[in-house]
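Scroll down for the structure; my scribbles are underneath it.
The values are calculated or read from the model by the stated rules, or taken from the named source; none is laboratory data. For clarity, every value in this text was computed on a predicted model and none was experimentally measured. Using ideal geometry, Cβ is built from the backbone for each residue, glycine included, and neighbour counts are taken over all protein chains shown. We work out accessible area using only protein heavy atoms, side chains counted, and drop any ligands, DNA or RNA first. Shrake-Rupley method; radii C 1.70, N 1.55, O 1.52, S 1.80 Å.
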Amino acid sequence: MRGAVLYAPGDVRVEDRQDPRIIEPTDAIIRLSATCICGSDLWPYRGVDRPDGPMPMGHEYVGTVEEVGDQVTTLRPGQFVVGSFWASDNTCEICRSGYQSGCVNRVLMGTVGTQSQLARVPLADGTLVATPGTPDADLVPSLLAASDVLGTGWFAAVAADAGPGRTVAVVGDGAVGLCGVLAARQLGAERVIAVSRHAPRQELARHFGATDIVTERGDAGVERIKELTNGLGAHSVIEAVGTQESMVQAIRSTRPGGHVGFVGVSHDVTLPGDLLFDSLVHLHGGPAPVRQYLPELIELICARAIDPGRVFDLTLPLEEAAEGYRAMDERRAIKVLLQP
C-alpha cells in the first residue's frame with residue numbers, strides 16, 4: 001500500500017509501506033475512503049516534536065472494513081466505519097466512565113499511521129462505529145471530521161460547560177477551534193465569540209454559529225472579550241491551540257466560576273499558581289474521548305443537521321501529502337483532506 005512517512009522536519013514522503021495484517025484477534029483492517037492532515041501533525045513536521053527516525057503519519061480515518069479478527073463481534077466486512085484517533089476497548093472502567101482516550105489498553109492511531117490506503121485498527125469493537133449503511137459521498141468529509149477535530153471540539157465545549165444561556169469564547173481558529181464553535185452552538189450556547197485574525201476562518205466560524213469575532217490576542221484579546229461580556233469574561237472558554245499565550249488568554253478570558261475546556265496539544269505550557277488561584281475557574285481537558293461522542297455525531301451528520309466537513313478547504317490525492325503539509329504549515333489551508 002501507499003502511505004505518508006515523515007523522515008525529518010519538513011520531509012514528508014509518500015512511499016510503499018507493508019500492507020497491514022491482523023495481529024491481534026481484536027483487530028480490523030479497513031480500506032480508507034478519506035484521511036487528512038491534523039494541526040497536531042505540524043508539531044513534528046516543524047521539528048518541535050522530533051521524530052525518532054522515519055514515522056508513519058496520520059490518525060484520522062474513515063473507510064470500509066475489509067477483514068476482522070476472530071474475536072471481533074460487532075463489525076463485518078463491507079461496513080463503513082468511523083474511528084477515534086485513540087483506539088480503546090470501550091469496556092474498561094475508564095472507558096465506561098466516558099474517557100476512552102484514557103483507556104487502560106489504549107493505542108494511539110498515530111503509531112499506526114492512517115495517511116495511507118489501508119490501516120489496522122486495534123480494539124476494533126471498542127474503537128470503530130459503523131454508519132447506518134454506506135454514506136453519500138458528500139457526507140464523507142464530515143464523518144472524517146468526527147474522527148478527531150469535531151469530536152475534540154465537542155469535548156472542549158462539554159468540558160467548558162457550554163450550554164443554554166452561556167457565552168462561549170473560542171481561542172484558536174484551526175479546525176478544532178472552528179468545530180468547537182459548532183459544538184457550542186449545538187449544545188445551546190447563546191453567544192459564541194471566535195478569536196481569529198483570518199477572514200476565511202472568521203467566515204467559517206460565523207457559518208458554524210459564531211456571533212462575535214475578536215481579532216486581538218494576548219492582553220488585548222482578554223480585554224476585548226471582557227468588553228463584550230460586561231467586564232466579567234465568558235462563562236465558558238475553549239482553548240484549542242496548546243501554547244502558553246493561548247492557555248493564559250483562555251484562563252484570563254473566563255469569569256470567576258466559569259469553565260475552561262483545553263484541548264490544544266500542550267507545548268511548554270506552564271501555569272502560574274497565582275493565576276490559577278485567583279481566577280476561580282474550572283479547568284478540564286486533555287486528549288478528547290472522541291469515541292464517547294461518535295454515535296451522536298454520526299447521527300447528526302447523517303441527518304445533515306451539522307456540516308463539519310467544511311473545515312476541509314483543500315483536497316489532494318494521498319500522493320500529494322507533502323503539498324498538503326506545506327499548505328497547512330503556511331496557513332494556506334485550514335485542514336487538508338487526502339484521498340487515498
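Evaluating Gly113 against the criteria (1) closer than 27 Å to Ala321 by Cα; (2) open to solvent by 10 Å² or more (accessible area, probe 1.4 Å); (3) more than 15 Å from the chain's Cα centre (by Cα); (4) not hydroxyl-bearing (Ser, Thr, Tyr) leaves one unmet condition, (2). Kindly check whether there is at least one residue in segment 185-203 that is part of a strand (DSSP E or B) and open to solvent by 50 Å² or more (accessible area, probe 1.4 Å). Yes, segment 185-203 has at least one match. Taken together, Glu93, Glu60, Glu24 contain a single residue that is touching a residue at least 40 places away in the same chain (Cβ under 8 Å), charged (D, E, K, R) and open to solvent by 40 Å² or more (accessible area, probe 1.4 Å), which is Glu24. Every test in (1) among the hydroxyl-bearing types (Ser, Thr, Tyr); (2) within 28 Å of Val82 (Cα to Cα); (3) open to solvent by less than 30 Å² (accessible area, probe 1.4 Å) is passed by Ser266 save one, and that test is (3).
Determine whether segment 157-166 contains at least one residue that is touching a Lys or Arg at 6+ places or on another chain (Cβ under 6 Å) and surrounded by 24 or more Cβ atoms within 10 Å (Cβ to Cβ). Checked against the condition, which is being touching a Lys or Arg at 6+ places or on another chain (Cβ under 6 Å) and surrounded by 24 or more Cβ atoms within 10 Å (Cβ to Cβ), segment 157-166 yields no hits at all.
Test Thr35 against the stated conditions and say whether it is under 30 Å from Ser266 (Cβ atoms) and crowded, with 21+ Cβ neighbours inside 10 Å. It would help to see each step written out before you state the result.
Values: under 30 Å from Ser266 (Cβ atoms): yes; crowded, with 21+ Cβ neighbours inside 10 Å: yes.
So Thr35 passes the test.
Within segment 261-280, residues that are closer than 23 Å to His235 by Cα reach partners that are polar (S, T, N, Q) and surrounded by 19 or more Cβ atoms within 10 Å (Cβ to Cβ) with beta carbons closer than 8 Å, at six or more positions or on different chains, in the pairs Gly261/Ser236; Val263/Thr152; Gly264/Ser246; Val265/Ser40; Ser279/Thr254.
Quick check on segment 204-222: of everything there that is among the charged types (D, E, K, R) and in a loop (DSSP other than H, G, I, E, B), which residue is surrounded by the most Cβ atoms within 10 Å (Cβ to Cβ)?
Restricting attention to segment 204-222, the residues satisfying the condition of being among the charged types (D, E, K, R) are 206, 212, 216-217, 219.
Now narrow it down to the ones that are in a loop (DSSP other than H, G, I, E, B): 216-217.
On the way: Glu216: 14, Arg217: 16.
Restricting to residues being among the charged types (D, E, K, R) and in a loop (DSSP other than H, G, I, E, B), the top hit is Arg217.
Scanning segment 160-181 for residues that are over 16 Å from Val336 (Cα atoms) and in a loop (DSSP other than H, G, I, E, B) yields Ala160, Asp161, Ala162, Gly163, Gly165, Arg166, Gly172.
Quick one: is Leu337 farther than 22 Å from Leu204 by Cβ, at pLDDT 95 or above, within 15 Å of the chain's Cα centre (by Cα) and crowded, with 21+ Cβ neighbours inside 10 Å?
Working: farther than 22 Å from Leu204 by Cβ: no; at pLDDT 95 or above: yes; within 15 Å of the chain's Cα centre (by Cα): yes; crowded, with 21+ Cβ neighbours inside 10 Å: yes.
Here the answer is no, as Leu337 does not meet what is asked.
A single member of Glu227, Glu239 is of a type in the set (Asp, Glu) and touching a residue at least 60 places away in the same chain (Cβ under 8 Å), and it is Glu239. Segment 25-143 holds strands (runs of 3 or more DSSP E) entirely within its bounds, and those carrying 3 or more residues that are more than 30 Å from Phe208 (Cα to Cα) map to 28-37, 61-68, 118-121.
The listed residues are Arg2, Arg46, and the only one of them that is over 18 Å from Thr315 (Cα atoms) and either in contact (Cβ under 8 Å) with a residue 24 or more places away in the chain or surrounded by 16 or more Cβ atoms within 10 Å (Cβ to Cβ) (or both) turns out to be Arg46.
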